[in-house]
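Right, one structure below, let's go through it.
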Amino acid sequence: MNRKNLTIQLLALSTLFFSCKNNGLESDASGTFEATETVISAEAAGKILAFDIDEGDVLTAAQTIGYIDSTQLYLSKLQLQQNQKAILSGRPDTKVQLEALQKELDNALSDKQRIENLVKGNVASQKQLDDANTRIAILQSKIAATKSTLTTTTSTINEQSGTVAIQLASVEDQLRKCRIVNPVNGTVLTKYANAFEVTAPGKPLYKIADLTEMYLRAYITADQFAKAKIGDKVKVSIDAAEGNSKEYEGVVEWISNKSEFTPKTIQTKDERANLVYAMKIRVKNDGLIKIGMYGEVKF
């Protein structure tokens, strides 16, 4: 009988101990840490000739980390440049082609002036003056027609050259895309490709994330929803060595306006809550916070 009473007393003390522990929870919500992950994909097709990154490397934006074989594109560029030169070489020299006609017109105008003087002195006939005017009109028409023809020819050649220039710009853009340039600051999380493998546009090369700032995705109940506001500063803690915890200052970045069922992997302050609201808390990372790590928040 005494042994039975002792067992009952131990069970009661154990229940009381865990009850006090649960009632003493300091956190208002909990969740896991995540980061904004970006998957960088290839923009060109071909063999990867260089890809100088490893998982864990810290990269900066606009850093060139490799390149894809661009030999055929470069040869296409050279061919287009030669085509453009050949087209432009066919442009007529308007000044040279009009120079002869202009000199002939100048002579005709001089002859007309001389004939007009002779007509005034009754030395030349009116017919000679009319012939001189006719000659001038014909030369002026020839010059106008030649100018129009040369302008049309030059315009056509310029249009053809412009078409090649657009093709050149397209090849230049493809050549630029053969360089693998990292677009954002961050740490390489996963590497999907290696040098000398063949890639294609849209094929993932690596995943990167900025780990200097992490986001704790936590869940709050409807009762807590009124306490949390975007921009509020909160206390975030993670597990540290020897059973201790490390505390950080966080800022509420986002709160969902739609409720959802409590995720199975998340515990809330009120474990009986079925509907919760997701929230993101931005925390400056000192290197100890990892993606997927468990964290708690206190409002």
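Brief remarks on what is shown
- Val198 vs. criteria in contact with a Gly (Cβ under 8 Å, 6 or more places away or on another chain) and open to solvent by 50 Å² or more (accessible area, probe 1.4 Å): yes
- Check on Ile208, β-branched (Val, Ile, Thr) and buried (at least 17 other Cβ atoms within 10 Å of the Cβ): yes
- Among residues of the range 81-100 that are within 17 Å of Asn158 (Cα to Cα), those with a beta-carbon under 7 Å from a residue that is open to solvent by 70 Å² or more (accessible area, probe 1.4 Å) and not hydroxyl-bearing (Ser, Thr, Tyr) at least six positions away or on a different chain give the pairs Ile87/Gln160.
- When Thr163, Thr187, Thr134, Thr153 are checked against the criterion of being modelled with pLDDT of 90 or more, touching a Leu at 6+ places or on another chain (Cβ under 7 Å) and either open to solvent by 40 Å² or more (accessible area, probe 1.4 Å) or not basic (Lys, Arg) (or both), a single residue qualifies: Thr187.
- Of all residues in the range 137-148, those that are exposed (fewer than 15 other Cβ atoms within 10 Å of the Cβ), aliphatic (A, V, I, L, M) and closer than 16 Å to Ser110 by Cα total 2.
- Residue in the range 275-297 that is loosely packed, with under 14 Cβ neighbours inside 10 Å, without any contact (Cβ under 8 Å) to a residue 40 or more places away in the chain and in contact with a strand residue (DSSP E or B) (Cβ under 6 Å, 6 or more places away or on another chain) present: no
- Selection count, the range 166-184, where residues are surrounded by 14 or more Cβ atoms within 10 Å (Cβ to Cβ) and within 30 Å of Gly56 (Cβ to Cβ): 7
- Among the residues of the range 45-59, those identified as surrounded by fewer than 17 Cβ atoms within 10 Å (Cβ to Cβ) and part of a strand (DSSP E or B) are Lys47, Leu49, Ala50, Val58.
- Test: residue in the range 238-260 that is on the phi < 0 side of the Ramachandran plot, touching a Ser or Thr at 6+ places or on another chain (Cβ under 6 Å) and in contact (Cβ under 8 Å) with a residue 60 or more places away in the chain: no
- Filter result (at pLDDT below 90, open to solvent by 80 Å² or more (accessible area, probe 1.4 Å) and not hydrophobic (A, V, I, L, M, F, W, C)) within the range 104-130: Gln113, Arg114, Asn117, Lys120, Asn122, Gln126, Lys127, Gln128
- Of all the residues in the range 22-40, those that are of a type outside the set (D, E, K, R) and either open to solvent by less than 40 Å² (accessible area, probe 1.4 Å) or in a loop (DSSP other than H, G, I, E, B) (or both) number 10.
- Candidates Ala144, Ala169, Ala132, filtered to the one that is part of a helix (DSSP H, G or I) and in contact (Cβ under 8 Å) with a residue 12 or more places away in the chain: Ala132
The values are calculated or read from the model by the stated rules, or taken from the named source; none is laboratory data. Quantities reported herein were computed from a predicted structural model and do not represent experimental measurements. Please note: Cβ atoms are built from the backbone with ideal geometry, for glycine as well, and neighbour counts cover all protein chains shown. Protein only, heavy atoms only, side chains kept; ligands, DNA and RNA dropped before computing areas. Shrake-Rupley method; radii C 1.70, N 1.55, O 1.52, S 1.80 Å.
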